[in-house]
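K.L.:
Before I ask anything, let me first share the structure, which is written out below as structure tokens.
The values are calculated or read from the model by the stated rules, or taken from the named source; none is laboratory data. Remember, it's a predicted structure, so these values are computed and weren't measured experimentally. Don't worry about glycine lacking a Cβ; one is built from the backbone with ideal geometry, like all the others, and counts go over all protein chains shown.
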């Protein structure tokens, strides 16, 4: 089997961002902090997201700023210096209507700290369930 190209055929290559190629059923490997805080938080089922639950968001942010004694550095300091190094967990599950929904199950402190430092920061994401 071969491929024939006519003599005066013009071949066009269009470069697109990876996000332009993402199929609706394909999951992202990285998400911005501002998007992650809008996913329902796993430890607040029925109470909303980190973005709309000020009490939870403030608690997670304060806890992320606690310094570790052996390094004299907090999670917040580390994220400010290096970014988020380990993926946050998003649990996929079906709701009562059978629709697959996302729930932030792991990484509330990392997400809140990253969002406070720079909402545009990209965070690695890992999906569980479903």
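K.L.:
With respect to the numbered conditions (1) closer than 17 Å to residue 120 by Cα; (2) surrounded by fewer than 17 Cβ atoms within 10 Å (Cβ to Cβ); (3) modelled with pLDDT of 85 or more, which one is the sole condition not fulfilled by residue 65?
P.N.:
(1)
K.L.:
Now, a different point. Would you mind finding the one in 119, 124 that is surrounded by fewer than 17 Cβ atoms within 10 Å (Cβ to Cβ), assigned to a strand (DSSP E or B), in contact with a strand residue (DSSP E or B) (Cβ under 9 Å, 6 or more places away or on another chain) and modelled with pLDDT of 90 or more? Steps first, answer last, please.
P.N.:
Details: 119 fails: assigned to a strand (DSSP E or B).
After applying the criteria, what remains is 124.
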